[in-house]
Structure formats: C-alpha cells, structure tokens
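*Asks:* This is the structure I want to talk about, given as structure tokens.
The values are calculated or read from the model by the stated rules, or taken from the named source; none is laboratory data. Since the structure is predicted, the reported quantities are computational estimates derived from the model, not experimental observations. Counting neighbours? That spans all protein chains shown, and the Cβs are built from the backbone with ideal geometry, glycine included.
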Ligand SMILES: [Zn+2]
Ligand SMILES: [Zn+2]
C-alpha cells in the first residue's frame with residue numbers, strides 16, 4: 001500500500017496519507033508566498049478519508065481569491081502548516097508536499113496563478129500554466145459561494 005508520511009519541523013504533529021495524491025500543483029499566488037514565506041508553494045490534494053493527523057494543531061482561516069474559505073491547520077509549537085481544507089471543496093485535504101521531506105514525491109501536474117511567478121522560477125516542462133485556479137476548482141468554489149448567499 002502507498003504511504004506518504006511526514007510531520008512538522010518540531011515533530012509534535014505527524015501526518016500520513018495512505019494513497020497517491022489526486023493532484024499536485026505549484027501555486028505562485030501572493031497569499032501563498034506570504035503564508036509560506038517562500039516564492040511559491042507546492043501542494044498535493046488527497047481524499048480526506050485517507051489522511052490521518054496525530055498531534056495538536058491550531059487553525060488559521062482566510063478567504064481565498066475565489067471567495068472560498070480555506071482553513072489552515074498548523075503546529076502551534078513550530079508554526080509549520082500541516083494541512084488545509086477548502087470549504088467549497090469538502091472531502092479533500094491539501095498538504096504542502098515539503099512536509100513529507102521526500103524528493104521522490106510525485107511532481108506538480110499544474111502551475112496556478114502563474115502571472116505572479118517570480119521571474120527566475122522555472123515551471124516543469126509540459127504542464128498547464130493557469131492564470132488562476134483550474135476551471136473545475138473555480139466552478140466548484142463559485143457554486144458553493146452562490147449556494148450560501
Ligand atoms: Zn511542530
Ligand atoms: Zn496560492
């Protein structure tokens with residue numbers, strides 16, 4: 001069985017995903033740059049039922065640019081983001097792939113918010129370079145926001 005295991009920088013929180021990711025994306029948006037303190041983030045989405053978290057997390061939520069709320073769970077000791085959930089797309093758990101510290105982890109299959117990319121950052125050859133979220137994500141988020149208002 002496939003198992004991706006990782007944890008935060010201080011070791012207080014462990015996370016396991018018991019399948020391959022549904023998608024892996026690199027995001028260049030400015031909010032991701034701010035949250036990660038890096039120039040882009042690379043994240044994977046897994047079905048939530050295959051993800052297990054051990055340890056204590058705190059939650060930080062913000063509105064994404066698609067107006068969908070995102071709930072980031074982070075380690076209160078070391079500040080590492082462990083995972084997140086997007087209210088508009090339930091049943092999926094987003095995980096920053098760096099948490100697995102695994103150089104063989106599957107590579108990104110899409111680049112999003114590409115116009116905000118730092119000029120020196122390279123995108124893997126042959127993957128789509130979307131201006132924002134992919135169409136499927138944007139449609140799901142817009143529908144969820146419309147249902148609530
Ligand atoms: Zn920690
Ligand atoms: Zn982003």
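*Asks:* Restricting to region 16-45, name every residue that is without any contact (Cβ under 8 Å) to a residue 40 or more places away in the chain, under 16 Å from residue 84 (Cα atoms) and touching a helix residue (DSSP H, G or I) at 6+ places or on another chain (Cβ under 6 Å).
*Replies:* none
*Asks:* Report, by residue number, each residue of region 52-82 that is touching a residue at least 60 places away in the same chain (Cβ under 8 Å), more than 16 Å from residue 16 (Cβ to Cβ) and touching a helix residue (DSSP H, G or I) at 6+ places or on another chain (Cβ under 8 Å).
*Replies:* 64, 65, 66, 67, 68
*Asks:* Right, something else. Looking at this structure, is residue 49 assigned to a loop (DSSP other than H, G, I, E, B) and either in contact (Cβ under 8 Å) with a residue 12 or more places away in the chain or under 21 Å from residue 5 (Cβ atoms) (or both)?
*Replies:* No; evaluated as a whole, the condition is false for this residue.
*Asks:* Another one. Look at region 88-104 and say how many of its residues are touching a strand residue (DSSP E or B) at 6+ places or on another chain (Cβ under 9 Å) and closer than 13 Å to residue 48 by Cα.
*Replies:* 6
*Asks:* Scan region 58-69 and tell me whether some residue there is outside any strand (DSSP E or B), more than 26 Å from residue 125 (Cα to Cα) and touching a strand residue (DSSP E or B) at 6+ places or on another chain (Cβ under 6 Å).
*Replies:* Yes: region 58-69 contains one or more residues that are outside any strand (DSSP E or B), more than 26 Å from residue 125 (Cα to Cα) and touching a strand residue (DSSP E or B) at 6+ places or on another chain (Cβ under 6 Å).
*Asks:* Just the residues that are surrounded by 10 or more Cβ atoms within 10 Å (Cβ to Cβ) and either more than 14 Å from residue 41 (Cβ to Cβ) or within 18 Å of the chain's Cα centre (by Cα) (or both), please, taken from region 112-130.
*Replies:* Residues satisfying the conditions are 112, 113, 114, 115, 116, 117, 123, 124, 127, 128, 129, 130.
*Asks:* I'm trying to understand the selection: among the residues of region 71-104, which are more than 16 Å from ligand 2 (Cβ to nearest atom), part of a loop (DSSP other than H, G, I, E, B) and surrounded by 18 or more Cβ atoms within 10 Å (Cβ to Cβ)?
*Replies:* Hits for region 71-104 are 75, 80.
*Asks:* Looking at region 19-41, can you tell me whether even one residue there is more than 14 Å from ligand 2 (Cβ to nearest atom), part of a strand (DSSP E or B) and more than 22 Å from residue 142 (Cα to Cα)?
*Replies:* No, the conditions are met nowhere in region 19-41.
*Asks:* Out of region 61-76, which residues are over 13 Å from the mean Cα position of the chain (by Cα) and within 23 Å of residue 5 (Cα to Cα)?
*Replies:* 75, 76
*Asks:* Next up: Scan region 42-66 residue by residue and report those that are within 16 Å of ligand 1 (Cβ to nearest atom) and modelled with pLDDT under 95.
*Replies:* 60
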